[in-house]
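A.B. asks: Before I ask anything, let me first share the structure, which is written out below as structure tokens.
Bear in mind these aren't lab numbers, they're just calculated from the coordinates by the rules spelled out. A quick note: this is a predicted structure, and the numbers were derived from the prediction, not measured. Note that we place each Cβ from the backbone using ideal geometry, even for glycine, and neighbour counts take in every protein chain shown.
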Amino acid sequence: MSWLFGIRNKGAPPPDFNAGGDLPPVGGSGDDRLQQPTMDEKARRSAMEAYRFDSSALERAAAAAKELEKSKHAKEALELSKLQEMTKQQEMLAKMKEYEAAIEGSKVEQKRAFEEERRKTLAEETKQHQQRAQYQDQLTRKRYEEQLVQQQRLNEENLRRQEESVAKQEAMRKATIEHEMEVRSKLEAKKLEAEALAKAKADRENQDLYLEQLRLKAAENRVTVLESIKTAGTVIGSGVHSLLTDWDKTLTAVGGLSLLALGVYTAKNATSVSARFIEARLGKPALVRETSRFSLLESLKHPVLSIKQFQTKPADALAGVILEPKLEERLRDVAIATKNTKQNRGMFRNILMYGPPGTGKTMFAKKLAMHSGLDYAILTGGDIAPLGNDAVTAMHKVFDWASTSRKGLLLFIDEADAFLRKRSSESISESLRACLNAFLYRTGEQSNKFMLVLASNTPEQFDWAVNDRLDEMVEFSLPGLEERERLLRLYFDKFVLEPASQRHRRLKVEQFDFGQFCTEMARLTEGMSGREIAKLGVAWQAAAYSSTDGVLTRQMAEEKVRQALLQHSQKVEWQSEAERREAKSLTYSSKETTYALPRSSAAIEAPPGGPSQKKPSPVNPYTRR
Ligand SMILES: Nc1ncnc2c1ncn2[C@@H]1O[C@H](COP(=O)(O)OP(=O)(O)OP(=O)(O)O)[C@@H](O)[C@H]1O
């Protein structure tokens, strides 16, 4: 029924206004479509449409009203339609409100955009202001700089003018002075000439007078000297006469003179003896580099160190020294013999320790001294040559000092070949020869005060007399595979594991098989000395400390070994070069206890296959495999 109130259902078909009309249908059948309307016809139809009135709707409305009147639900229908109308109106109102809100929103948006635009404009204006101000500032600066330049130019011009005028004045003044000097010198010359002439004239006139004066002065002088000699002779003569005639006086004079001479002589000798005594007991000789012996001066200088030295107890002579088992056995015998000698106050034996550097010679000598309850003193042969003529005195001082030791002294001379060379050798200087003689003199007899331990890398250079004084010769060779492994373990433990176990240290170690690692590295480090392996331990520690987290990884440790090997091969190359030049012995027999089997330099230079063959890779000639 909605169509009655002008509401048409979407699905309902539109009323057929053409039904029964005289207008032709718009669509039509296929035949009608063939007959297309003409243009006039179309115009006419549209004009008719404008004035046409549809009366069928009214008719239907009337019929419906009638029907409604008859219906008993007419009132409810009306109410319902009213309600529908109100609902629609409310919906329309809500939509209007929405539109209004949208309009308000758009106004706000418009205002915001406007404000944004205004802000941008303001910023742009400010920027332009700034640019203008900068530009003006630049202009002002430029102007100021130009003014400055102009001012400077003016100043320079003024200065130049002033300088010119000063130079002119100076030139004038100089010319005046020169003229004045010229005039004055001419006057002076004339004056001098006149004076000389006048003096010459006067001298000529007074010549006789001068000669007379000189003669008188000489006669007076002669008389005075003769008188003085006569008086002195009389006085001394009468003195000697009275001394000789009076016996008491003669005796007193002789006695007094003798006493005076004796006093001077005694004082001189007593001073030097007491000085030597004090020096021998209190101070250590300058040649001694390091000593465990107590000395008052040293203990005052290093009190803590001295107390520590007192507290150290005799330790095992081979503790921490890793050597070939046979050598260890031999050294242990040496240590026991030394200890017993000390205890029984026997005569000490002199030992020579030879072999490549860094194989533990010094280390063992120190431990030997401590083990036997002796003091030790370390000297270096290289310190003696620079002393020149004083070397002999210094050498005597060392032995004097050694002889005063109460505990007994192990005198360790490192690099002994530096001054104990063959006396026939040309390279030994006169003072070194004298020093060697002094050494030989002081070591000619066995001593129960000191034990002599010599260390050398080239013992074949020793003088025969030195060799004659040696009781035992021990060779220290480079560590073999087993010893290297033990050394690696020792220093890995000392420098890495031990610090890592201490909480306050920053050092840590990654978890890996340390034993396996040391075994592998021992195979790689062939030819390295004990010192080089000890340094490798320090390098591991340093690597850990230098890492960000303080952790030593296996990779880092391996890298350090690789670097140490590279450095080692480089050192060996240098060493062989130097030794070739000096034609020194390069090899030691590791098995025998004899030494000095010099190899000819040609043998080193030329590889077995002839000189044209490839140079052998640098292998340490001391290596024991
Ligand atoms: N056999 C070894 N066992 C343990 N450590 C060793 C050994 N050899 C060398 N070292 C280490 O190397 C360092 C130096 O050794 P040492 O001074 O005893 O060598 P050296 O043979 O006297 O050398 P040089 O001939 O150059 O004086 C020692 O402090 C020690 O850390």
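A.B. asks: Arg143 versus Arg332, label points 7 Å from Cα toward the beta carbon: distance in nm?
C.D. replies: Spacing of the two 7 Å Cα→Cβ label points: 10.4 nm.
A.B. asks: Full-extension gain between Trp574 and Ser165, please, as 0.36 nm times their residue separation minus the C-alpha to C-alpha distance.
C.D. replies: Roughly 139.8 nm would be gained on extension.
A.B. asks: Turning to a different aspect of this structure: Work out from phi, with θ = phi - 60° and the Karplus expression 6.51 cos²θ - 1.76 cosθ + 1.60, the ³J(HN,Hα) of each residue of the stretch 105-114, listed in order in whole Hz, and give x for Gly and Pro.
C.D. replies: x, 5, 5, 4, 4, 4, 4, 4, 4, 4
A.B. asks: Hey, with R₀ at 35 Å, roughly what FRET efficiency would Arg349 and Asn389 work out to, going by the Cβ-Cβ distance, to 0.05?
C.D. replies: Step by step, r from the Cβ atoms, then E = 0.60.
A.B. asks: Considering only Asn448, Ser427, Leu478, whose Cα is most displaced toward the positive end of the charge dipole of the stretch 395-534, charges sitting on Cβ of Lys, Arg (+1) and Asp, Glu (-1)?
C.D. replies: Positive-end residue among those listed: Asn448.
A.B. asks: Let me ask you something else. Report the extension gain between Met473 and Arg486 in nm, rounded to one decimal, defined as 0.36 nm multiplied by the number of residues separating them, less their alpha carbon distance.
C.D. replies: So the extension gain works out to 2.2 nm.
A.B. asks: Hey, another quick one. With a point put 7 Å past each Cα toward its Cβ, work out how far Ala286 is from Asp248 in nm, to one decimal.
C.D. replies: Reported label-point gap for Ala286 and Asp248 is 5.7 nm.
A.B. asks: Once phi is turned into θ = phi - 60°, what whole-Hz ³J(HN,Hα) does the Karplus curve with 6.51, -1.76 and 1.60 give for every residue of the stretch 325-338, x standing for Gly and Pro?
C.D. replies: Once rounded to whole Hz, the list reads x, 5, 5, 4, 4, 5, 5, 5, 4, 4, 4, 5, 4, 5.
A.B. asks: Along Cα→Cβ, 7 Å out, is where each label goes; now give me the distance between the ones at Lys42 and Ala465 in nm to one decimal.
C.D. replies: Computed distance between label sites Lys42 and Ala465 equals 15.0 nm.
A.B. asks: Taking θ as phi - 60°, what are the ³J(HN,Hα) couplings along the stretch 436-442 by the Karplus curve (6.51, -1.76, 1.60), each to the nearest whole Hz, with x for Gly and Pro?
C.D. replies: Values per residue, Gly and Pro as x: 4, 4, 4, 4, 5, 4, 6 Hz.
A.B. asks: For Leu454, what residues show an amide H to amide H distance below 5 Å, using hydrogens built from the backbone and excluding near sequence neighbours?
C.D. replies: Ile351, Leu352, Met353, Ile413
A.B. asks: Rounded to two decimals, what is Rg over Rh for the stretch 283-476 when you use alpha-carbon atoms and the Kirkwood radius?
C.D. replies: Rg divided by Rh gives 0.95.
A.B. asks: If r is the Cβ-Cβ distance from Glu520 to Leu440 and R0 is 35 Å, what FRET efficiency results, to the nearest 0.05?
C.D. replies: 0.10
A.B. asks: Identify the GluC sites (Glu not before Pro) of the stretch 498-536 meeting these criteria: DSSP loop state and at most 16 other C-beta atoms within 10 Å of the C-beta.
C.D. replies: Of the GluC sites (Glu not before Pro), the ones in loops of the stretch 498-536 whose Cβ has at most 16 other Cβ atoms within 10 Å are Glu510.
A.B. asks: Taking amide hydrogens as modeled 1.01 Å from N in the peptide plane, which residues meet the under 5 Å criterion relative to Val509, leaving out close sequence neighbours?
C.D. replies: Leu552
A.B. asks: Enumerate the amide H contacts of Leu410 below 5 Å, restricted to partners 5 or more residues apart or on another chain; note that Pro and chain-start residues carry no placed amide H.
C.D. replies: Counting only residues 5 or more places away or on other chains, the set is Asp375, Tyr376, Ala377, Met451.
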